[in-house]
Amino acid sequence: FFHFLSRRFSCSCHLWLLLLCRLNYTIMCKLVISAVLCVLSWHLKGASANDPASSWLTYAFFSVPASSGVITRVSTTWTTPTMPAVPFGSNAPGWWFGVQTAGGNGALIQPIMAYGYQGSKFSIFNGVFDWTDESWRTSPEVQMVKPGENIISELAMSPSDTRTYVMKIAKEGNEPITTPFTLNKRQTDPETVVYFVLEHQPITCKAYPTSEKLTFRNITVEVNGKVVTPTWEIHQEVPACNSRAEAVDAQTLEFTWSTKWRGASDENNYDVDTSAWPRKWWSAEQPGVTEEA
């Protein structure tokens with residue numbers, strides 16, 4: 001549910017609304033105005049339902065024209081960053097890669113590493129946010145990972161069904177979480193865009209990993225079953241904590257942020273009780289993503 005909200009509301013309006021419950025009257029008045037303006041902005045924009053979402057901080061992407069082919073495989077490795085200095089207030093950030101349609105209105109198929117998905121620790125799992133029916137599905141399996149442990153992941157088109165992708169993610173040395181997903185029958189556009197993303201703006205930058213960096217390495221992209229050399233484009237969607245993405249080369253993408261950056265709650269010394277902050281990667285009502293819509 002909260003993941004759904006994060007994709008539907010621009011300006012991270014839901015964060016402001018949740019903060020209202022914890023703040024004094026003066027600050028509340030200011031935030032009420034901000035929240036109202038955010039919601040009005042969302043409606044005036046037509047509540048567009050597509051990716052990139054306003055919950056993305058920064059991202060890199062590579063796209064191919066639909067006439068040239070379809071993304072058939074993406075793989076990468078990365079290392080779990082250090083723990084945050086404080087366990088709460090991170091808003092459950094996610095580092096992930098995935099494929100989507102050129103219009104951003106199809107299935108976003110994404111292996112994910114997140115902090116705060118199941119308590120104050122890192123976990124990995126597979127997920128699909130499908131704009132064709134606005135559903136959020138996750139793999140029933142979840143693996144916990146520790147700082148310094150390597151993660152190996154890929155997503156690939158099934159050789160027997162061009163409308164099915166299979167996601168795999170695992171801590172190095174473990175059996176992978178394997179999750180197939182078949183595109184909704186209403187989706188007619190092919191998956192032609194690859195995204196690498198840092199998602200979910202924090203309440204305080206101190207709640208992001210202290211290493212201030214995560215690098216996706218050994219990136220391989222295949223189009224129509226053949227390895228290509230991607231030309232990455234970098235975009236800042238709704239950045240926070242001085243977050244940045246950089247294409248080191250075609251096989252390496254580096255995401256950085258600053259835990260010393262003063263966000264809204266840091267700057268104003270808001271007394272926010274984040275111990276009950278909701279999990280942003282809320283599990284789907286339907287476990288798994290093997291069912292065809």
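No lab work stands behind these numbers, since they all come straight from the coordinates. This one's a predicted model, so the numbers in the text were calculated from it and none came from an experiment. We place every Cβ from the backbone using ideal geometry, glycine too, and count neighbours over all the protein chains shown.
Among the listed pairs Lys121/Lys185; Lys168/Lys260; Lys146/Lys206; Lys168/Lys206, which have their C-alpha atoms separated by more than 25 angstrom in this model?
Over 25 Å Cα-Cα: Lys121/Lys185; Lys168/Lys260; Lys168/Lys206.
Using the alpha carbon gyration tensor of the stretch 133-208, what are the three equivalent-ellipsoid semi-axes (square root of 5 times each eigenvalue), largest first, in whole Å?
27, 19, 12
Based on the Cβ-Cβ distance of Thr231 and Thr162, what FRET efficiency does E = 1/(1 + (r/R0)^6) give at R0 = 25 Å, to the nearest 0.05?
It comes to 0.50.
Residue separation times 0.36 nm, minus the C-alpha to C-alpha distance between Asn50 and Thr220: what's the value?
Full extension from Asn50 to Thr220 adds 58.7 nm.
Packing-wise, with mean Cβ within 10 Å as the measure, how do 104-112, 118-126 rank, highest first?
Most protected by this proxy first, the peptides run 104-112, 118-126.
Kirkwood Rh and Cα-based Rg: tell me the resulting Rg over Rh for the stretch 58-188, rounded to two decimals.
My calculation puts Rg/Rh at 0.98.
When only C-alpha pairs under 8 Å and at least 6 residues apart count, what is the relative contact order of the stretch 51-116, in percent?
Across the stretch 51-116, relative contact order equals 29 percent.
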